[in-house]
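For reference, the structure discussed in these notes is given below.
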Amino acid sequence: MELNYSGRNITISDRFREYVDEKITKVDQLATKVQRIDVKVLKEAHARDQSTALSVELTVVGRGPAIRAEARGADKFAAFDIAFAKLLERLRKARDKRKVHRGNHTPVAVHQATGSLPTASSGKTLVEETIEAQKAAEAAEAEANAEYSPVVIRRKSFPAEVMSVDDAVDRMELVGHPFYLFIDEATGEHAVVYGRTQYQYGVITLDPSLNANEEATKETRGYRDKALAAEG
């Protein structure tokens, strides 16, 4: 397994490499046929909030879809710990899905899988509390920056992949994004799948035959072993 490091506005120290090398071995226990792991560290040069000035992005690349996690923190070690906790959770999800697809058994729920971990005063595991705190910090930063930061648009291009809605939902969960763009194998149309509520997802497509004030909605169920609510 190859381990690649890259940094922007920051030097990757030997101490950090050793810290990551020691922990990253857990990936082999949850994933198979991993080709490489990319570790990207970014420091915002003019960050107003130093508690989120550093971000770490982890990407596991193998024969299947890439699995990614990202987090911010006051230093690269704290950011790595949060991102790594997210990554392990997504790797467990992917492993459990593979077992279900092969007819082995139903995957263990997150609360059961993390039940043996130390709990904080709130009753939640440390991993759950850490992830929730990270989300709250990111939301607070976004709200604070909205008043004085200029609009920034990042444009990315990805290969156009044909897949089912089920597979698009899986991909979305593995990379930790709120949506996923794909080509629906059932219709041949470009579509976006997104999360609505627990076990409910939406699918958006564009139909040039509809007028500006019209929309067509259809709801289906049966996303593998869970309910899927799809909106067109």
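The values are calculated or read from the model by the stated rules, or taken from the named source; none is laboratory data. A quick note: this is a predicted structure, and the numbers were derived from the prediction, not measured. All Cβ positions, glycine included, derive from the backbone under ideal geometry; neighbour counts span all protein chains shown. Quick note on the areas: whole protein, heavy atoms, side chains included, nothing else; ligands and nucleic acids left out. Shrake-Rupley method; radii C 1.70, N 1.55, O 1.52, S 1.80 Å.
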>> Being surrounded by 12 or more Cβ atoms within 10 Å (Cβ to Cβ) and either in a helix (DSSP H, G or I) or at pLDDT 80 or above (or both) narrows it down to one residue among ALA142, ALA168; which is it?
In response: ALA168
> Pairs under 8 Å by beta carbon, first residue among the acidic types (Asp, Glu) in region 53-82, partner open to solvent by 10 Å² or more (accessible area, probe 1.4 Å) and part of a loop (DSSP other than H, G, I, E, B), six or more apart or different chains?
Replying inline: GLU70/GLY176
> Among the residues of region 43-63 satisfying the criterion of being closer than 24 Å to ALA31 by Cα and more than 15 Å from the chain's Cα centre (by Cα), which is surrounded by the fewest Cβ atoms within 10 Å (Cβ to Cβ)?
Replying inline: ARG63
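Only one of ALA113, ALA85, ALA79, ALA120 is over 25 Å from GLU161 (Cα atoms), of a type in the set (Gly, Ala, Ser), at pLDDT below 65 and surrounded by 14 or more Cβ atoms within 10 Å (Cβ to Cβ); which?
The conditions single out ALA113.
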> If you go through region 41-66, how many residues are out of contact with any Ser or Thr (no Cβ under 8 Å at 6 or more places or on another chain), closer than 27 Å to ARG98 by Cα and assigned to a strand (DSSP E or B)?
Replying inline: 5
> What's the number of the condition GLN29 fails, among (1) open to solvent by 50 Å² or more (accessible area, probe 1.4 Å); (2) assigned to a strand (DSSP E or B)?
Replying inline: (2)
> Any residue at all in region 12-32 that is charged (D, E, K, R), within 20 Å of ARG95 (Cα to Cα) and touching a helix residue (DSSP H, G or I) at 6+ places or on another chain (Cβ under 9 Å)?
Replying inline: yes
> Among the candidates TYR199, TYR148, which residue alone is modelled with pLDDT of 65 or more and of a type in the set (Phe, Trp, Tyr)?
Replying inline: TYR199
> How about region 33-49: which of its residues are modelled with pLDDT under 90 and among the aliphatic types (A, V, I, L, M)?
Replying inline: VAL34, ALA45, ALA47
